[in-house]
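This report refers to the structure that appears directly beneath it.
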Amino acid sequence: MSRKDTVNSLFMMKLGSPNPTPPEKERERVRTGAVSAMGASLQELTEGARAASKLKEQIASGMVVVDLDPAMVDGSMVNDRLIIDVDPDFQELVASIRESGQQVPILVRPHPENAERYQVAYGHRRLRAAQHLGIPVKAVVQPLSDNELVIAQGKENLDRKDLSYIEKALFARRLEEKGFDRVTIMAALSTDKADLSRYIAVARMIPESLLNQIGPAPKAGRARWLAMADRLTVADAMDNAEALTGQRDFLMADSDGRFVKLFDALAPATASNASNDRDIVINGTVKAARLEARRAQTSLVFNNKIVPEFGEYVAAQLDQLYLQFLKANRKDKGRN
């Protein structure tokens, strides 16, 4: 080999043969497998989208029950409840859901002003119980107009015999104040025009602030509430009522007990009893307290607006006052 050939062979030397070309069938198999995998993925995505779309349609039509975070659910546009701290029935509901779960779903609609939230049509107590327990609330979601919402709200509560007389009356008054026509309100309460007028009249006669203090009072019917309203028209009755609602024994009572306490306290005094009652002046202030003497008992009622917390102070001193009273009586008897 010449020198030229030797040099050329050095520069033209192959570094190695490339990988052998795969057979045509193998290339086709690889390509077909990739396409198949992609097709399967697309099919899964399509089926998932269809399932999600179907679920969305079912939810929108109210065909399925879903779990919702109670924090994402707002109350109805018109509240139909009077809630007080002492509510044995609500505590029973909480205990039942804790033990057996929520058996009946609530009804909600997508919130008309916030696409991320919901609004209750009915099931406020179950929603509140779920909030209390820190668990999701089971709900049916349906698109509802304002009229459909309040009619569903009223009918469900009536079917369950869930609202007291005064709650129905207050619900009717609130619906009217929201601008709903009487036809819709009658449908929501399943009542006629005459009864609806009575409901609204009673709810207007008693201040809502006082109703919130008393609560639903399920045992009190229309006649008792009308009598309560009549007793509140007497001079100083509202001041006396407000003073009573701040007292410990009133606040510790359930709703029916609160109604009875207030109803009895506002009872008109007979001529003989009235002569024994008198206002007590404290530090120059008239009507700071009132002494009400009856055959069976004597009551000293403090006006908490005028002498706040003084009633509690006097109650704490009763033992000492009674000892002083006994001592004074013994001295008087000794003189005799």
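The values are calculated or read from the model by the stated rules, or taken from the named source; none is laboratory data. Here the structure is a predicted model, which means the values were calculated and not measured. Neighbour counts run over all protein chains shown; Cβ positions are idealised from the backbone, glycine included.
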Report summary line: Within region 150-180, the residues that are on the phi > 0 side of the Ramachandran plot and modelled with pLDDT of 90 or more are GLY179
Report summary line: Picked from region 254-267 (must be over 11 Å from GLY215 (Cα atoms) and outside any helix (DSSP H, G or I)), the residue farthest from the chain's Cα centre (by Cα) is ALA267
Query - Cross-chain or 6+ apart pairs with Cβ under 7 Å, region 112-138 first and touching a residue at least 60 places away in the same chain (Cβ under 8 Å), then assigned to a helix (DSSP H, G or I) - result: ALA130/PRO70; GLN131/PRO70; PRO136/ALA130; VAL137/PRO70; VAL137/ARG126; VAL137/LEU127; VAL137/ALA130
**Report entry** Criterion violated by TYR199 - all others in (1) crowded, with 18+ Cβ neighbours inside 10 Å; (2) within 19 Å of the chain's Cα centre (by Cα) satisfied
**Finding:** (2)
Query raised in the report: ILE151: surrounded by 19 or more Cβ atoms within 10 Å (Cβ to Cβ), closer than 17 Å to ASN79 by Cα, assigned by TED's automatic domain parsing to the domain that holds MET228 and among the β-branched types (Val, Ile, Thr), yes or no?
Result: no
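How many residues, within region 202-225, are without any contact (Cβ under 8 Å) to a residue 24 or more places away in the chain and within 22 Å of the chain's Cα centre (by Cα)? Talk me through it step by step, then tell me what you get.
Our first condition is that a residue be without any contact (Cβ under 8 Å) to a residue 24 or more places away in the chain; within region 202-225, this holds for 209, 223.
Those still in the list that are within 22 Å of the chain's Cα centre (by Cα) too: 209.
Final tally of qualifying residues: 1.
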Requested in this report: Look through region 56-105, keep the residues that are among the basic types (Lys, Arg) and over 23 Å from SER164 (Cα atoms), and return whichever of them is modelled with the highest pLDDT.
Outcome: ARG98
Report task. Tell me which of these MET228 doesn't satisfy, since it passes every other one: (1) exposed (fewer than 15 other Cβ atoms within 10 Å of the Cβ); (2) in contact (Cβ under 8 Å) with a residue 12 or more places away in the chain; (3) in a helix (DSSP H, G or I). Result -> (1)
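Mind telling me which of the residues ALA201, ALA235, ALA188, ALA220 ends up being in contact with a Gly (Cβ under 9 Å, 6 or more places away or on another chain) and over 13 Å from ARG81 (Cα atoms)?
Details: ALA201 fails: in contact with a Gly (Cβ under 9 Å, 6 or more places away or on another chain); ALA235 fails: in contact with a Gly (Cβ under 9 Å, 6 or more places away or on another chain); ALA220 fails: in contact with a Gly (Cβ under 9 Å, 6 or more places away or on another chain).
The conditions single out ALA188.
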